[in-house]
Amino acid sequence: MTDMRERYAAAEKLLPWNLKDLALNTAPTFHWISDRLFYYGKEVRRDGKVISEFKLVDAESGKECELFDRRDLERLLGKELSVKDGEWHHGKFRFVQDGKKYCYLTQEKELLVEGEAKEEAVSVSPDGRKTIYVRDYDLYLKEGEEEYRLTFDGEEFNDYAGRGQASDYISAQRFGLVWKPGILWSPDSRHFLTYRIDQRKTKDLYLLESYDQEGSSSIRPRLHTYKCAFPEDKDDEVPQAYFYMGDAEAKTVTEVGCPPQSVEGGLFNARWCFAKWLEDSSAVYTTIISRAYKSAAFTVIETDGSWKTLYTEEDEEFLNMRTFQFDGYGSYNLSNFLTEDRKTLIFQSEREDLTRFFRYDVETGECLGGITPEGISAGRIVAVEGEWIYFYGFNMPETSDPCYERLCRVRMDGTEFSVLTPEDAMHHSSVKNGYILDTYSRVDLIPKSVLRKADGTFVKEIVEADVSALLEAGYIIPERFSVKSEEGYDLYGILVKPAGFDPEKSYPLIDYIYGGMQCYNVPKTFQAAGKIAGREIMGGLEEFAQLGFAGIILDGKGTPGRGRKFHHYAYENIHGCAGLADHAYTLPQLKEKYPFIDLERVGIWGNSGGGCATSRALLEYPDVYKVGVSSAGNHDQRMYSNIWTENYYGLYKEEIYKLGDNTALAKNLKGKLFIVHGAMDDNVAMSQSIRLIDALIREDKDFDFLILPRCNHNVPADPYFIRKKLDYFVRYLLEEEVPEVHFRR
């Protein structure tokens, strides 16, 4: 028991809240302030703490110096500067610390307090002179001290610029998150594009809040209601966003009249949007995607509200668009655009299997051919500079993983293609002023940030990450591997060996799975923090390693990024969980590569789509997977949001959708299954897990269940869940006694 208690203590060091500041400079943020100058915050350790030293870099000479006198700023502040980033402009450094906004005048050596730092539910025009906000479902504009009402017909469930009642709507209310109105301003601040979401006929889902509410004298449970469309619902029951064009000078808002966009939530916010203005502010464009993702119409909306569709792409199965992983152009969440002269449309397509950019003559509609090479995939657009398109290319034969993205460029006429970042790794790049700032890494390669010229010529190394403290805490560098699917595809994954690894010993295996078809699960960059707030890195494989488990993450058929054919294994096959069959099929190959794996002791766990995949694994492959922890699982696809489910299953057909009902397999359960759900989950309703439990009870099966009363969909971030998950695998897969330990943030 003492040994196991020590192992838990070692695992605790690698929990999310204990990883803060253990890895430095893994993803620095760079800011350009002139054609040749940029700055960034370089993380360093000082007096046992981590601070950011703000560095000014001359891209032309490569020289680096301090952006400002940090110690003088701290003297004026009266405390240590704790921020990792800030905004510097014309000798003024603005930052937020301890709930206040400050402005440091670097030449005058003065510090100004500019007010309280709080989010406001307003959209501010680019020139800073106008704000738009929502009151009682309608839009208002404020300019100076004057307020103007822009709309007069907003109503509940048919309101302007809102987020809609969809996934995470109740969570946003509970946590006090501020929704800024969905307003997309033109660069000249004259016009704006907005929308109106109609949910009047959308049906309700429910949450029951059962725990004590602070400040309330009653303990009566409280019912929360929100709108959510299921695949079985009719078109007028599914939320639709209708576009409107606003004129901030004329103080008018005009309905555009183009087809609506099917939505789950708002169309624009501070981080992403589904439309983009031309730089001259003459028009805005969007891609309207049909229900079930079978067609996408590139549509231009003029400032007077008129509109025209320039091109429509169709697919009998589904279009891989708006994935957040392989699409994008800045904050615009699609990889297509209209040139500033309006003569050429560039559109990303998988019609030839791997994604390519195609060029269209706007006047004639004629396709002028592909402009990116055959044999590679063209992903997100990083920048468009003159005739050059800078984009991430993947599926390159010279990389060791087809999903590694490298920065490339090509002229719009398809000539002079080149790869600008040569390293066999995942790259995150920005292009501006004739230079490239690039940070690259792999799970087994420490991040490094470098400066290059726009043609890829190396200029200098900016900073290399420091992960020494992370390694001292017990972090184990993952190993990359590949295996073959039954059809002969190379499948890629990572493995984390147990701490204190002994090749003569046999170790149980944890398979961390997601199972959603819209993204890959295998991490491609160095993992020093969880992808979602509060979650363990790599699904907790580092903690499992400390307890004596080997752990893997594997991407099977049906995940994106490998081309249309590979991804379309997911079509009408959500129940395939993005290659769950590949996970089971390739285990013997893993055993050959790693003889220490005990295939008689294989466990699996995942959240959301991974919760679905976990229950499916134990029910479909009961002789392979012996122990599973399923959290927040969408175990029946008929009961999940239509906009995600229809992407892969298509429009509702009962015989297809029934295949995604895991409860039908309840009779197959042999192993130990632990089902966990947050009672306040407004993404995957807890009724999904309740229905699976009911089916298992009716089949007289033994299982375990845990409700987290205060938790929403982010179950993996809950400390109690993390401990219970580890306990479950220690008890039933490692077959050792669980010590009495407690994890606290």
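The values are calculated or read from the model by the stated rules, or taken from the named source; none is laboratory data. It should be emphasised that the depicted structure is a prediction, and the values quoted were computed from it without experimental measurement. All Cβ positions, even for glycine, are placed from backbone atoms using ideal geometry, and neighbour counts span all protein chains on display.
Quick notes on this one:
- Taking segment 140-193 as the range and being in contact (Cβ under 8 Å) with a residue 60 or more places away in the chain, within 23 Å of GLN261 (Cα to Cα) and among the polar types (S, T, N, Q) as the test, the residues that pass are THR151, GLN165, SER167, SER186.
- Apart from one condition, MET4 fits all of (1) farther than 24 Å from GLY530 by Cβ; (2) among the hydrophobic types (A, V, I, L, M, F, W, C); (3) free of Cβ contacts under 8 Å to residues at least 40 places away in the same chain; the exception is (3).
- Candidates are the residues of segment 437-458 that are among the basic types (Lys, Arg) and over 22 Å from ARG411 (Cβ atoms); the one that is farthest from the chain's Cα centre (by Cα) is LYS448.
- The single residue among GLU317, GLU352, GLU398, GLU374 that is charged (D, E, K, R), part of a loop (DSSP other than H, G, I, E, B) and in contact with a Leu (Cβ under 8 Å, 6 or more places away or on another chain) turns out to be GLU374.
- Within segment 264-292, considering residues that are outside any strand (DSSP E or B) and among the basic types (Lys, Arg), the one nearest to MET245 (Cα to Cα): ARG271
- Of the residues making up segment 544-590, those that are over 23 Å from the mean Cα position of the chain (by Cα) and among the charged types (D, E, K, R) are LYS565, GLU572, ASP582.
- Taken over segment 16-57, residues that are in contact with a Phe, Trp or Tyr (Cβ under 6 Å, 6 or more places away or on another chain), in contact (Cβ under 8 Å) with a residue 60 or more places away in the chain and either farther than 23 Å from GLU87 by Cα or not hydroxyl-bearing (Ser, Thr, Tyr) (or both) amount to 5.
- Some residue of segment 527-539 being polar (S, T, N, Q), at negative phi, assigned to a helix (DSSP H, G or I) and touching a residue at least 12 places away in the same chain (Cβ under 8 Å): no
- The set of residues in segment 691-745 being under 21 Å from SER210 (Cα atoms), of a type in the set (A, V, I, L, M) and out of contact with any Phe, Trp or Tyr (no Cβ under 9 Å at 6 or more places or on another chain) consists of ILE707, ALA717.
- GLY414, sole failed condition from (1) in a loop (DSSP other than H, G, I, E, B); (2) crowded, with 21+ Cβ neighbours inside 10 Å; (3) touching a Gly at 6+ places or on another chain (Cβ under 8 Å): (2)
- Within segment 575-619, being farther than 29 Å from TYR640 by Cα and of a type in the set (S, T, N, Q) holds for THR586, GLN589.
Rundown of residues vs (1) out of contact with any strand residue (DSSP E or B) (no Cβ under 9 Å at 6 or more places or on another chain); (2) farther than 18 Å from SER429 by Cα; (3) surrounded by 23 or more Cβ atoms within 10 Å (Cβ to Cβ), yes/no style:
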position	(1), (2), (3)
GLY370	no, yes, no
PHE394	no, no, yes
GLU405	no, no, yes
VAL410	no, no, no
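- Residue satisfying all of: in segment 447-465; of a type in the set (Val, Ile, Thr) and part of a strand (DSSP E or B); surrounded by the fewest Cβ atoms within 10 Å (Cβ to Cβ) among these: VAL459
- Taken as a whole, the structure leaves TYR169 outside the set of residues that are modelled with pLDDT of 95 or more and out of contact with any helix residue (DSSP H, G or I) (no Cβ under 7 Å at 6 or more places or on another chain).
- Segment 545-637 holds helices (runs of 4 or more DSSP H) entirely within its bounds, and those carrying 1 or more residues that are touching an Asp or Glu at 6+ places or on another chain (Cβ under 6 Å) and at pLDDT 95 or above map to 564-567, 580-585.
- In segment 670-682 there is at least one residue that is in contact with a Phe, Trp or Tyr (Cβ under 8 Å, 6 or more places away or on another chain), among the small types (Gly, Ala, Ser) and buried (at least 21 other Cβ atoms within 10 Å of the Cβ).
- Filter result (of a type in the set (Ser, Thr, Tyr) and not in a helix (DSSP H, G or I)) within segment 156-188: TYR160, SER167, SER186
- If you go through segment 71-87 and keep only what is more than 28 Å from the chain's Cα centre (by Cα) and within 24 Å of GLU116 (Cβ to Cβ), you end up with LEU73, GLU74, ARG75, LEU76, LEU77, GLY78, LYS79, GLU80, LEU81.
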